[in-house]
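The values are calculated or read from the model by the stated rules, or taken from the named source; none is laboratory data. Quick caveat: nothing in here was measured; it's all calculated off a predicted structure. Cβ coordinates were reconstructed from backbone atoms using ideal geometry, including for glycine residues, and neighbour counts include every protein chain displayed. Heads up: the accessible areas ignore ligands, DNA and RNA and are worked out on the full protein's heavy atoms, side chains in. Shrake-Rupley method; radii C 1.70, N 1.55, O 1.52, S 1.80 Å.
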Amino acid sequence: MFNKLVESLKTCPIVKRGEYNYFIHPISDGVPIVEPALLREVAVLMLRALDLKGVDKIVVAEAMGIHIGVALSLMTDLPLTIIRKREYQLSGEVALHQTTGYSKGELYLNGIEKGDRVVVIDDVFSTGGTMKAILKGLADKGAEVSDVLVVIKRGECDIGRPYKYLVEIEVTKSGVNVKDTKF
Ligand SMILES: O=P(O)(O)OC[C@H]1O[C@H](OP(=O)(O)OP(=O)(O)O)[C@H](O)[C@@H]1O
Ligand code: HPA
């Protein structure tokens, strides 16, 4: 079931972003090409893993949460909100500060009401900085987080609550080692 995700990770290129060994993969970068069969495999695994009971909305972050969020939304009929890097100044918008292993920036959360039950999905966990910012924003809005899932977990990562992942990897300067698969 994990064939396409695991095999594509084992052969993906690494580039340096400062000291950070950055792996380049279709699910986490959208390049060189997102094959439908890979996206479908990831979508089916996410659907199998997630606790969707009573869930109202799916939450993802721009950019690389979008394709997996759309796939899950189409399969579940759950609406999707995309946390954007652009400010809209809509009523109720929440600004979040994102810090990753190689960047800092602002994110803007819209479309969440007090009492919403949500799942949050993302492509990668590395430092967990992005997910911590998202969870803080959702808590500030009074949303209840039913489940958090990442497709690819790289390294140890504490986000202050339990979460699920599909694949755990280790990234070195010469490549990706797949350490574990779930679901
Ligand atoms: O656990 P962390 O250290 O926070 O890293 C994970 C985040 O980094 C990437 O986002 P980024 O905003 O860099 O890029 P993107 O626009 O390509 O999604 C990725 O999509 C995750 O959201
Ligand atoms: O190494 C990475 N590759 C792709 N996306 C990422 N998001 C955090 N780290 C990475």
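Computed over protein heavy atoms with a 1.4 angstrom probe, the accessible surface ordering of 154, 86, 161, largest first, is 86, 161, 154. The residues packed around residue 123, meaning those with a beta-carbon under 12 Å from its beta-carbon, carry a net charge of -1 if Lys and Arg are +1 and Asp and Glu are -1. Annotation note: GluC sites (Glu not before Pro) in the range 1-48 located in DSSP loop regions with a Cβ neighbour count of at most 12 within 10 Å are 19.
For the chain, with all protein chains in place and a probe radius of 1.4 Å, 52% of the accessible heavy-atom surface sits on carbon or sulfur. Excluding ligands, DNA and RNA, the accessible surface per residue across the chain is 49 Å² with a 1.4 Å probe. The overall shape of the range 65-110, judged from the alpha-carbon gyration tensor, is oblate: a/c is not under 1.5, and a/b is no greater than b/c. Label sites at residue 6 and residue 37, each approximated as a point 7 angstrom past Cα along Cα to Cβ, lie 1.6 nm apart. Looking at the range 103-183, which GluC sites (Glu not before Pro) are DSSP coil and have at most 11 other C-beta atoms within 10 Å of their C-beta? Loop-located and lightly packed - 113, 156.
Restricting to the range 3-181, what percent of DSSP beta bridges are antiparallel, rounded to 5? Here the antiparallel bridges make up roughly 45 percent for the range 3-181. Based on Cα atoms of the range 62-143, Rg over Rh with Rh as the Kirkwood radius reads 0.94. How high is the relative contact order of the range 51-115? Use alpha-carbon pairs under 8 Å, at least six apart in sequence, and give a whole percent. Across the range 51-115, relative contact order equals 27 percent.
Along the axis of the charge dipole computed for the chain (Cβ charges of +1 for Lys and Arg, -1 for Asp and Glu, origin at the Cα centre), the listed residues 66, 171, 38 are led at the positive end by 171. Quick one: angle between helix 66-76 and the longest Cα principal axis of the chain, in degrees between 0 and 90, rounded to 10, please. For 66-76 against the chain, the angle is about 70 degrees. Over all directions, the projected convex hull of the C-alpha atoms in the range 3-181 averages 9.7 nm² in area.
Among the listed pairs 53/164; 104/136; 10/57; 114/136; 114/153, a Cα-Cα separation exceeding 22 Å is found for 10/57; 114/153.
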